Structures are given as C-alpha cells and as structure tokens.
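Notes follow the structure.
The values are calculated or read from the model by the stated rules, or taken from the named source; none is laboratory data. Predicted model, so just to flag it, every value in this text is computed and none were measured. Here the Cβ positions follow ideal geometry from the backbone for every residue, glycine too, while neighbour counts run over all protein chains shown. Note: accessible area is taken over every heavy atom of the protein model, side chains too, but ligands, DNA and RNA are not part of it. Shrake-Rupley method; radii C 1.70, N 1.55, O 1.52, S 1.80 Å.
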Amino acid sequence: MVANPIYRAIFWITALLALGGNLFVFIATAHSLWNVDRNKNVFINTSVFVLNLCCSDFLMGMYLLVVIVHGAQFSGGYCLFDKEWRSSSLCSALGALAVVSSEASAMTMTAMTTFRLVSAFKPFTIRSVGVCNVLCAELCCWISAVVLATIPLLKVTSGYFTTGVWFPNNFFGNDFVSRENMSLLAQRITGVEPERWNDVKQTIKETFPRNPIKKEFGYYGETSVCMPRLFATTGKFAREYLTFLITINFLMFMYMVVAYVLIYKQTNRMEGSRNNDVSSKMQKRISRLILTDFCCWIPISVMGYLSIGGIKMPPDAYVLSACLLLPINSALNPLLYSRAIEDQLSRAKKWLMEKLSVLRASTNRSSDLAVRYNAGADEEGDRVIEIVG
C-alpha cells in the first residue's frame, strides 16, 4: 500500500504531529478563551479562527493515521486486497475527509488573513466585529469544503467521476478496466456509442450475466492512499473539477501572500523605527507562514496543471502529496497560528536553563571546595615537613 519505508515513516510522523499538535493547541486555546474577558473581541475572534483551524488540521491527521494503519494491516499482501480497498466506501470517505480538511484549513487561513488585514489598516473597525460574524464566516468555509469534497461521491448518470470498474473477464487481461475501455466495449456490442454511463453498465450486465461488474473506482479510488485525483489526465468533467479545485487553492495562496506583504508594510509604516525587534519578528513570522503555504500548494498546483496539459505524473507523486505536501500545513499550523506550543517551548527552555545554571553553580562550588581542600592539605604537609626537619 505504501511500499517505500521512508514514505511510511513520513506518514507516521506527520500524522502524529497533526493529531498531537492540533489537539494540544485546541485545548490550550479553548482554556484561554474560557477565562478571557468577554470584551476582548479581537482575541476572541482570533481564538475562534484558531479553534476551527485546529479542527480542520486534526481531520488531516485522522486521514493519515487511518491510511497508514491500514497500510500496516495489508503489509506484505496488499496486492490481494488492492481492488477491494480502492473501491471501498472507506477509501472514498478518507479521500473526502482529506479534501474537507485541506479546503477548510485553506479557507480558514484565508479568512484569518482577511481579519488580520483589516486589523492592520482599520484597527478600530475590527474591534466592532462580533464573534457571530466570525462564526458565520467559518460556517461558510466548512459548508464550502464539505460540498467540494462530496461532489465526486455523487452517483451521476454520466459517470464522469468514475475512473474504472472491477470487472472479472478473460479478454482485457486485467480485472481493472478503465471507463473508456468499458464504453468502447459497450459500443462494439451495440454498434452505437452509449450516451450515459448507466447505459454502458446495463449493456455489460446483459451481455455478460456471469461476469457482473463488482464495484466501481471513484474519484478517490485511483491510488492506494485514497488521494483525490489531483493529477488526472483523463475524463473531461473530472478535469474541469480538478482545474477548479487547484485554481481556487492557488488563488487563495496568492491572496495570502499579497495580504501578508501589505500587513508587513502597514505595520512597518505605523511602527517606523521605534521597534526594530518587533518588525524583525513579524517579518520572520510572515515569512514562515508564506513558506509553508508555498510548500503545500505550489508544487501540487504545478503538477496539477502539468497533468491537465497531458504530462503524466509518476505514481510517487500521489504518495508524496498525501504524506508530505498536503499535511505540511496541518502539522505546522499549530506552531504558526498559535502561541500555545511556542509558550510551552519557551517555558521548557527557561526551566532547562535554570537547571543548567544550578548545575553549573553546584559544579563550581564543588570545584572551589576541592581546591581549598587540596590547598589546606598542602599547607599541613609543609608543616609536617618543617617539624620533622
């Protein structure tokens, strides 16, 4: 299922980081939100964004964990279960879960960026924004993400989200038959080009009653890791859906880049030269935000557009996208959008430095005592020598 041991290790690492990091930040943020003054609208709204971001990124951790656990179960004999796994409802559900997670996360980051952009240019206006407005924005993000993820699961008559079928036969040489080949087979049987996918299935059913189509491979069943078909080159409607999905994420990334550049410039203009340290910290923080978004969506967008242009992507591109490119935001967002983990790391560093200082002081005292003891012993020895002499 995931043959490369390096990819398996990356799956485990990103899954645990996404689950553990987002769970910790969710609990810490919820605790701080529970005890905060209700008049601090900006802090409350930001915390609501962070909570939703944690939920969406936590879903990505669940997707990674379920995939790699099933990979461990199939280890050594996955080829025996490949068709059953990729055509299963669980595989489709996992693919939809990955899309819900990535889209909800991207849209939440876009909404948070907009909130920060308004805060930078109109700091007094943003204070009047209530939590209900933020909740409505997040509700729209989640609904949009769920709609985008469930569209490929719809059983449409044209079958344009179907990649192939599990069809036991003696003439194709393989039980997996693509939708195009099944349509050609039905056309040869009837002499007429079938208009709908249901017509193809009905023709095959009537012609080969002893060899029924067992299952269909949907949009999320093209690969063993149940990734959404981001690099497909076949299927007109699937290609349109793919183009829309990649383009909307690319546009959100470009919007965030422009917005954070404007935020940085506005902050510098307001601060001037009064606090270079704050400006430097903000520059580093914004650079990290843009860099992680770049590493996530730009490679996927480039490979997606290349595949739409007819260039076939290698099989490893799916696994790499599933275990590293898509989850990179889910694993790093708790560090970038919340100070909970950063504060804990600072406390741990402070505690460690204090312990080291105590240890150094204790070591120095021991060394001083040893030197004094040796000096005293030398003086006593000199006295003994004088008396004997």
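Give the long-range amide H neighbours of residue 164: residues separated by 5 or more places, or on another chain, with amide H under 5 Å away, using H modelled in the peptide plane at 1.01 Å from N. Answer set, sorted by chain and number: 179, 217.
Which of 155/205; 155/312; 40/349; 40/122; 215/312 have a Cα-Cα distance over 24 Å? Write down the numbers at each step before the final one.
Details: 155/205 18 Å; 155/312 27 Å; 40/349 30 Å; 40/122 16 Å; 215/312 26 Å.
155/312; 40/349; 215/312, as the Cα separations exceed 24 Å there.
Each peptide in 216-226, 126-136 receives the mean, over its residues, of other Cβ atoms within 10 Å, and ordering these scores from highest gives 216-226, 126-136.
Relative to the Cα centre, the charge distribution of segment 1-84, modelled as +1 at Lys and Arg Cβ and -1 at Asp and Glu Cβ, gives a dipole magnitude of about 160 debye. At full extension, residue 155 and residue 3 could sit 51.5 nm farther apart than now, given 0.36 nm per residue minus the alpha carbon distance.
Which part of segment 285-327 falls in the paramagnetic zone of residue 12, meaning amide N under 17 Å from the point 7 Å along Cα-to-beta-carbon? Of the residues in segment 285-327, 323-324 have backbone N under 17 Å from the label point off residue 12. You can think of it this way: the chain between residue 291 and residue 81 has 71.7 nm of extra reach, that is 0.36 nm per residue less the Cα-Cα gap.
Taking the average, over residues, of other Cβ atoms within 10 Å as the packing measure, peptides 169-176, 146-153 rank 146-153, 169-176 from highest down.
Roll a 1.4 angstrom probe over the protein heavy atoms and tell me the percent of accessible area of segment 68-117 that is carbon or sulfur. Could the numbers behind the result be given before it?
Values: 1120 of 1790 Å².
Here it works out to 63 percent.
Would you mind calculating the relative contact order of segment 1-83 from Cα pairs under 8 angstrom and at least 6 residues apart, reporting the percent as a whole number? Contact order relative to length: 48 percent. Projecting the Cα atoms of 225, 202, 251 onto the dipole axis of segment 194-261, where Lys and Arg carry +1 and Asp and Glu carry -1 at the beta carbon, places 202 farthest toward the positive end. Note on segment 146-252: with neighbouring protein chains present and a 1.4 Å probe, carbon and sulfur make up 53 percent of its accessible heavy-atom surface. For segment 50-163, the solvent-accessible area with a 1.4 angstrom probe is 43 square angstrom per residue.
Spacing of the modelled spin labels on residue 240 and residue 30, each 7 Å from Cα toward Cβ, amounts to 4.2 nm.
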